[in-house]
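The structure appears below as structure tokens.
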Amino acid sequence: MKVAFLGLGNMGEHMAANLLKAGHEVTLWNRTISRAERFRSEGARVASSPADAARNADVAITMLADDHAVSFAVESTDGLLQTLPKGAVHISCSTISVALSQRLAQEHAQHDQQYITAPVFGRPEAAAAAKLFIVAAGKQDIVERCKPVLDPMGQRVFYMGDKPEMANVVKLSGNFLIGAVVESLGEAIALARKYGIDPHQYVELLTSSLFAAPVYKTYGGIIADQRYSPAGFKLRLGLKDVKLVIAAAEAVDTPLPIASIVRDHMLTAIGRGMEDLDWSATAKLAAENAGLK
């Protein structure tokens with residue numbers, strides 16, 4: 001398929017590379033053009049704008065940092081909305097607000113274009129290994145049509161419903177759960193350390209017994225190692241996602257009191273200069289609050 005891929009950050013660069021390996025005809029766009037240029041040797045075309053990238057595409061994929069970046073790539077005068085052919089599909093893999101996703105669905109329909117969402121769960125190492133979990137929503141036949149593009153990027157595609165924003169809700173709520181796990185792990189490990197317990201032994205016990213899940217193993221290891229840099233997912237982006245899930249919950253009168261605690265602790269960590277660390281650095285804040293170095 002002819003694929004326009006927009007956004008080559010820590011996740012997008014690996015996702016685009018896997019599409020090239022799968023034999024798709026890929027055109028790349030990124031604000032920092034050098035991140036796209038290095039894929040020329042692998043057969044990619046480099047576009048000058050989102051509109052240029054999408055001009056002849058069967059599928060346009062956005063994997064960008066936030067609502068502002070996605071809005072620019074889609075809705076600006078140089079956005080893909082202007083040039084994506086009729087019947088072609090925009091797949092939004094970005095973690096964006098429910099409100100923006102709903103608006104994009106309306107705008108694509110007005111341009112006789114298709115729109116589905118497919119945000120992903122997994123850190124950069126999972127993206128590189130094509131082991132992402134992909135959460136898809138939108139018209140089921142369109143999602144099925146896009147499987148040749150989705151499958152090379154992940155290990156499984158979960159279909160969540162016929163409204164694109166359904167996948168956005170799943171992604172935001174999932175990231176909220178990860179943030180809550182990190183918060184509780186950070187506090188528990190700080191407590192263990194205060195009593196002189198080795199954090200690595202503590203995490204080994206937890207993840208070999210009661211909490212034998214990837215999220216506990218991944219973040220437990222990061223926290224025990226105090227390995228917050230380089231960031232797989234920056235704290236400021238984590239804060240953005242928690243704010244978005246709170247906004248989504250407010251829109252349907254659903255209280256999320258734990259999300260508010262996670263948000264406030266992320267804000268505190270950012271206020272202490274941790275914004276460029278991994279979002280698990282809230283555990284660093286927990287340790288500091290306990291008087292630990």
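Only a single item in (1) at pLDDT 95 or above; (2) under 23 Å from the mean Cα position of the chain (by Cα) is not met by Lys194, and it is number (2). Among the residues making up region 1-17, those that are crowded, with 20+ Cβ neighbours inside 10 Å and not in a loop (DSSP other than H, G, I, E, B) are Val3, Ala4, Phe5, Leu6, Gly12, Glu13, His14, Met15, Ala16, Ala17. Selection of region 1-27 for residues being touching a Lys or Arg at 6+ places or on another chain (Cβ under 7 Å) and of a type in the set (A, V, I, L, M) yields only Leu8.
Residue by residue, here is whether (1) basic (Lys, Arg); (2) touching a Ser or Thr at 6+ places or on another chain (Cβ under 7 Å); (3) on the phi < 0 side of the Ramachandran plot holds:
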site	(1), (2), (3)
Glu204	no, no, yes
Tyr219	no, yes, yes
Leu244	no, yes, yes
Ala247	no, yes, yes
Ala269	no, yes, yes
Met274	no, no, yes
Gly291	no, no, no
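Tell me, please, whether a residue that is part of a strand (DSSP E or B) and farther than 21 Å from Ser97 by Cβ can be found in region 159-180. Yes - at least one qualifying residue is present in region 159-180.
For the structure I just gave you, tell me whether Ser94 is assigned by TED's automatic domain parsing to the domain that holds Leu6, part of a helix (DSSP H, G or I), polar (S, T, N, Q) and crowded, with 16+ Cβ neighbours inside 10 Å. In short, no.
For Arg156, the criteria (1) under 17 Å from the mean Cα position of the chain (by Cα); (2) part of a helix (DSSP H, G or I) hold in every case but one, which is (2). Looking across region 252-271, the residues that are touching a residue at least 40 places away in the same chain (Cβ under 8 Å) and either of a type in the set (A, V, I, L, M) or touching a Lys or Arg at 6+ places or on another chain (Cβ under 7 Å) (or both) come down to Leu256, Ile258, Ala259, Ile261, Val262, Met266. Tell me, which residue of region 185-216 that is among the acidic types (Asp, Glu) and without any contact (Cβ under 8 Å) to a residue 40 or more places away in the chain is surrounded by the fewest Cβ atoms within 10 Å (Cβ to Cβ)? Per the criteria, the residue is Asp198.
Return the residues of region 32-54 that are assigned to a loop (DSSP other than H, G, I, E, B), out of contact with any helix residue (DSSP H, G or I) (no Cβ under 8 Å at 6 or more places or on another chain) and surrounded by fewer than 18 Cβ atoms within 10 Å (Cβ to Cβ); say none if nothing qualifies. Thr32, Ile33, Arg38, Ser48, listed by residue number.
Is it the case, given these coordinates, that Ser101 is surrounded by 20 or more Cβ atoms within 10 Å (Cβ to Cβ), part of a loop (DSSP other than H, G, I, E, B) and in the same structural domain as Val157 (by TED's automatic domain parsing)? Here the answer is no, as Ser101 does not meet what is asked.
The values are calculated or read from the model by the stated rules, or taken from the named source; none is laboratory data. Predicted, not measured: the structure shown is a model, and the values here were computed from it. Heads up, the Cβs are rebuilt from the backbone with ideal geometry, glycines too, and the neighbour counts pull from every protein chain shown.
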